[in-house]
Amino acid sequence: MHSGATEYGRMIYWRSMELKELERPLKALANKRRLAILRFLKKNGEANVTEIAEVIKLSVKSTSRHLAVLFSADLVDREQRSLEVYYRPADLYPSVIRGILSIL
């Protein structure tokens with residue numbers, strides 16, 4: 001019985017860790033501008049900040065802030081090319097996040 005309780009405690013701990021890992025990307029997705037950015041990148045593969053800002057009708061400064069949130073949540077990857085930074089959808093997402101992004 002004791003080992004079952006220990007196993008249950010371990011399961012709760014791992015479940016809690018999984019929830020913490022999901023918190024940041026889910027918070028990042030809880031914004032219509034960031035969802036629009038992800039939809040655009042999903043459709044187009046990659047783009048720089050200026051291109052994204054034009055499509056979502058937002059200033060470059062605000063778009064950059066939204067992209068920083070998406071990047072810190074591991075939802076987009078970025079690559080510096082000369083003076084421009086290009087963004088693209090991240091390669092790997094947790095399955096829950098993949099499910100959400102599939103409907104965009």
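Residues that are closer than 18 Å to Asp91 by Cβ and in contact with a helix residue (DSSP H, G or I) (Cβ under 6 Å, 6 or more places away or on another chain) within region 38-63 comprise just one, Phe40.
Residues that are surrounded by 13 or more Cβ atoms within 10 Å (Cβ to Cβ), modelled with pLDDT of 95 or more and not in a loop (DSSP other than H, G, I, E, B) do occur in region 19-34, at least one of them.
Residues in region 41-57 that are modelled with pLDDT of 95 or more, over 18 Å from Glu84 (Cα atoms) and surrounded by 12 or more Cβ atoms within 10 Å (Cβ to Cβ): 1 in all.
Per this entry, Phe71 is counted among residues that are under 10 Å from the mean Cα position of the chain (by Cα), among the aromatic types (Phe, Trp, Tyr), closer than 25 Å to Ser102 by Cβ and modelled with pLDDT of 90 or more.
Yes or no, residue by residue, for (1) at pLDDT 85 or above; (2) surrounded by 11 or more Cβ atoms within 10 Å (Cβ to Cβ); (3) not hydrophobic (A, V, I, L, M, F, W, C); (4) not in a helix (DSSP H, G or I):
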| residue | (1), (2), (3), (4) |
| --- | --- |
| Met11 | no, no, no, no |
| Met17 | no, no, no, no |
| Ser64 | yes, yes, yes, no |
| Leu67 | yes, yes, no, no |
| Arg78 | yes, yes, yes, yes |
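Residue count for region 28-46 under the criterion of being free of Cβ contacts under 8 Å to residues at least 60 places away in the same chain and within 15 Å of Leu104 (Cβ to Cβ): the result is 13. Among the residues making up region 86-99, those that are modelled with pLDDT under 95, surrounded by 12 or more Cβ atoms within 10 Å (Cβ to Cβ) and in contact with a strand residue (DSSP E or B) (Cβ under 8 Å, 6 or more places away or on another chain) are Pro89, Ala90.
The values are calculated or read from the model by the stated rules, or taken from the named source; none is laboratory data. The shown structure was predicted, so the numbers you read here are calculated from the model rather than taken from an experiment. Don't worry about glycine lacking a Cβ; one is built from the backbone with ideal geometry, like all the others, and counts go over all protein chains shown.
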